[in-house]
Amino acid sequence: MNIIVCIKQVPDTAEIRINPETNTLMREGVPSIINPFDLHAIEAAIQIREQHGGKVVVLTMGPPQAETSLREAISMGADEAVLLSDRAFAGSDTWATSYTLAQAIKKLGADIVFCGKQAIDGDTAQVGPETAEFLNIPHISYIRKIEEVKDDYIKVERLMDEGYDIVESTLPVLLTVVRELNQPRMPSLKGKMAAKKAEIKKMGMADIEADENSLGLKGSPTQVKNIFAPEVKAERKIIEGTPDEQVDILIKELKEIRCL
Amino acid sequence: MPVIVQVEKCSGCETCLDSCPFDAIEFKDGKAYINEYCNACMSCLAGCPEGAIIETEKSVQRSAFSNQLKDYKDVMVFAEQKDGKVVSVSYELLGVGRRLSDELGANLLAALFGAGEPEAQELIRWGADKVLLCSDSALEQFNDDPYSEVLAKIINEYKPSIVLAGATPVGRSFIPRVAARLRTGLTADCTSLEIDKETKNLLQVRPAFGGNIMATILCPDYRPQMATVRPRVMKKGEYHADRTGEIININIGNAVSRTRVLDFIKEVSGVSVNLHEADIIVAGGRGIGGEKGYKMLEELAEALGGAVGASRAAVDEGWIPYSHQVGQTGKTVNPKVYFACGISGAVQHLVGMQSSDIIIAINKNPEAPIFNVATYGIVGDMFEIIPLLTRKIREVKNL
Ligand SMILES: Cc1cc2nc3c(=O)[nH]c(=O)nc-3n(C[C@H](O)[C@H](O)[C@H](O)COP(=O)(O)OP(=O)(O)OC[C@H]3O[C@@H](n4cnc5c(N)ncnc54)[C@H](O)[C@@H]3O)c2cc1C
């Protein structure tokens, strides 16, 4: 079983703020991490390999610095790592990102491709399904459990609004995963050693036989026009008093707005 | 690079470093330099006091497509159904869609799969001029392959300029496939959609970075301009029982699907999880401390006739099931009243609930950010306040 896991290196967005006066991002000291959903994807891939054999390849498109995330994935137990890096890839939206990933996956070959449900920076959740379309393979989104894997068949649970679907598919398939799927393992000592020594395979535009007009900013149909701080409504009214008094005031307010 | 530094203007002050969310600015020989990490988000443009960072010429090679843009006119809404009934986000999309199509002087089309004529009529009463109805039973249940195939075909034939869909598990799953196939842009989770007065392009506003920033996205050179919108973000349009329109039946060939849904399992839980429909939501966060705290919220929700919500912290702890989660990675809600109990108010949570009409925050910590969005705030111990509140509400309501 050849498994490819697409991972993205992201800034830890919980720590990012926008300066409301200048409309610029303040990111001093914000660390770069593997997109949290992708850790669950790596874990799922390793578990399948443990049961069925084969290899797990982690793939990222990004700048040279993204290599640290690939090594981290190897320390968790991935077998190989591929860095897609080329100045021509800069400014990719989800269309161009997915096209580029798909071109690389075609070269590498895979029975199962894993993605996270969404990346915590771009936040679109579009790269998984778009990549599947470029690969011309089926995909199943929001996987919360893998029930069965065979050579050419998979059965999974897909998270829906008020419950879950049980879905089956032929292989090859692309799966996007949610947190409930598993608990990602910590790197082992052996993994850390392997990560230090591992050779990261690098691929650029020529290696994936990509059409230049489909790459990077040039290949991206969407453009970010501007960014700004979200508005917050500040009508804060603090209810003071003893708990008894606080609750009485609240009940009065609730009656006023006809909630009671 | 989409963004370049005019070296002669760069003073080497490094102010721009902080403005870049992607570590895409480096300093070489005292001058800024944009590396491969650039996502073309343009935030550094305002971050340079010298104005030395500029956008490069928009790609000279416009899409091969640009001379066909004018053939794309109408606005199309993908009307999602579940068990044969149109889901409410579709009516919200018809509300926005009606406004946009009126502004463009175009028709509002709705694509409806796997439902019947009565539902199609309903879409017309909610604002659609034409319904493209594909009532084939193969589309009753959602599967990515046939849905993508049929929607892409309809778009190619009817050439809408704008396509809107709900950011539901269904829309988020197959709409990206359609965009990929049509070689066009897709903007996720839009919170505002407007027509640019000059260019007539669609201005799509969406949150990114976990709700910490908002971005305006354009898709100027490709059509259709596709966007998804979360349920409950937009208001429904006007319903006119006597509105008339056209229903066009679409026939599909042999719908093949490589995936197959074997079963749907509804997750049961004590009180209603139907957060989208609830007028009152009582939500708990890390402060509820365990399943016992959850019981307490259920009782308050029951007394008020509301539903129980949760922040991610409470879900991650395993105290409340995921289906209750509100926020960036959960649901977006806008009830009349939202009780935030023991929720600190991380932006990821706020983006999912801050459009609620009234927000009541109960928290021990007076500095908790939740108080910044609260209409009413109570600083105190929720284990004291909530049981008291529940009791008094029961008294008022004679329960
Ligand atoms: C403020 C802002 C708003 C944006 N809005 C849009 C928009 O509305 N539409 C649009 O098309 N683009 C948009 N983009 C561009 C988009 O963020 C990038 O294309 C990004 O590279 C991929 O999208 P994402 O982060 O949303 O990933 P998602 O689609 O959320 O990622 C899902 C999964 O895909 C995989 N994946 C994603 N990126 C990579 C990668 N580089 N390498 C390997 N695997 C990867 C991972 O497994 C990840 O978990 C926006 C960018 C910014 C800065």
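Observations
- Nearest 10 degrees, 0 to 90: helix A:67-76 Cα axis against chain A principal axis: 90
- Cα gyration tensor, chain B - rounded (a/c under 1.5), prolate or oblate: oblate
- The three principal axes of the Cα atoms in the protein assembly as shown give end-to-end lengths of 74, 59, 57 Å, sorted in falling order.
- Solvent-accessible surface of segment B:69-249, taken per residue with a 1.4 Å probe and all protein chains present: 33 Å².
- Loop exposure criterion: trypsin sites (Lys or Arg not before Pro), DSSP state outside H, G, I, E and B, at most 16 other Cβ atoms within 10 Å. Applied to chain A, the longest stretch between such sites is A:1-184.
- Per residue Cα convex hull volume in Å³ - calculated over segment B:241-392: 176
- Angle between chain A longest axis and helix A:36-52 axis [Cα atoms, degrees, rounded to 10]: 40
- Calculated mean residue ellipticity at 222 nm for chain A: -9000 deg cm²/dmol, from DSSP H runs with n ≥ 4 weighted as -39500 (n - 2.57), summed, divided by the residue count and rounded to 500.
- Seen from B:G30, the other residues with C-beta closer than 14 Å to its C-beta sum to a net charge of -2, counting Lys and Arg as +1 and Asp and Glu as -1.
- Sequence-distant contacts, meaning Cα pairs under 8 Å at least 6 residues apart, place the relative contact order of chain A at 24 percent.
- Degrees separating the helix A:94-108 axis from the principal Cα axis of chain A, which is the longest one: 30
- Its relative contact order, with pairs defined as Cα atoms under 8 Å and 6+ residues apart, puts segment B:3-66 at 40 percent.
- Anchor A:K237: aspartates and glutamates whose Cα lies under 12 Å away (excluding residues fewer than 8 positions away in-chain): A:E253
- Whether segment B:69-249 is rounded, prolate or oblate, judged on the alpha carbon gyration tensor where a/c under 1.5 counts as rounded: rounded
- Residue with peak Gaussian network fluctuation, chain B [Cα springs, cutoff 10 Å], from B:L388, B:L93, B:L182: B:L388
- Chains A and B together bury roughly 9400 Å² of accessible surface, counting both sides and using a 1.4 Å probe on protein heavy atoms.
- Comparing B:K159, B:K28, B:K73 in a Gaussian network model of chain B where C-alpha atoms under 10 Å apart are linked, the largest mean-square fluctuation is found at B:K28.
- Loop-located trypsin sites (Lys or Arg not before Pro) in segment B:206-238, at most 14 other Cβ atoms within 10 Å (DSSP): B:K235
- Straight-line cross-link reach from B:K200 at under 20 Å between alpha-carbon atoms covers these aspartates and glutamates, not counting any fewer than eight positions away in the same chain: B:D71, B:D74, B:D102, B:E103, B:D221.
- In this structure, the pairs whose alpha-carbon distance is over 27 Å, taken from A:K55/A:K155; B:K85/B:K235; A:K201/B:K31; B:K292/B:K364; A:K117/A:K196; A:K55/A:K107, are A:K201/B:K31; A:K117/A:K196.
- Whole-number accessible area per residue in Å² for chain A, which is evaluated in the context of all protein chains at 1.4 Å: 42
- Under the criterion of Cα pairs below 8 Å and six or more residues apart, the relative contact order for chain B equals 12 percent.
- Within a Gaussian network of chain B (alpha carbon springs, distance under 10 Å), most fluctuating of B:E317, B:E26, B:E291: B:E26
- Counting Lys and Arg as +1 and Asp and Glu as -1 over every other residue whose Cβ lies under 10 Å from the Cβ of B:K392, the net charge comes to 0.
- Cross-link pairs beyond the 26 Å C-alpha cut-off, checked among A:K255/B:K82; B:K159/B:K197; B:K295/B:K397: A:K255/B:K82
- Straight Cα distances below 13 angstrom link A:K8 to the aspartates and glutamates A:D38, A:E67, A:E72, A:D121, A:D123, with same-chain residues fewer than 8 positions distant left out.
- Backbone phi angles across segment B:284-292, fed through the Karplus curve with coefficients 6.51, -1.76 and 1.60 (θ = phi - 60°), yield HN-Hα couplings of x, x, 4, x, 6, x, x, 5, 5 Hz in residue order; Gly and Pro are listed as x.
- Here is the list for segment A:121-214: GluC sites (Glu not before Pro) lying in DSSP coil, each with at most 12 other C-beta atoms within 10 angstrom of its C-beta, are A:E199, A:E209.
- Apportionment of accessible area to carbon and sulfur, the protein assembly as shown, percent (1.4 Å): 48
The values are calculated or read from the model by the stated rules, or taken from the named source; none is laboratory data. Worth saying up front: this structure is predicted, and the values here are computed from it rather than measured. As a convention, Cβ positions derive from the backbone with ideal geometry for all residues, glycine included, and neighbour counts pool all protein chains shown. Only protein heavy atoms, including side chains, enter the accessible area calculation; ligands, DNA and RNA are left aside. Shrake-Rupley method; radii C 1.70, N 1.55, O 1.52, S 1.80 Å.
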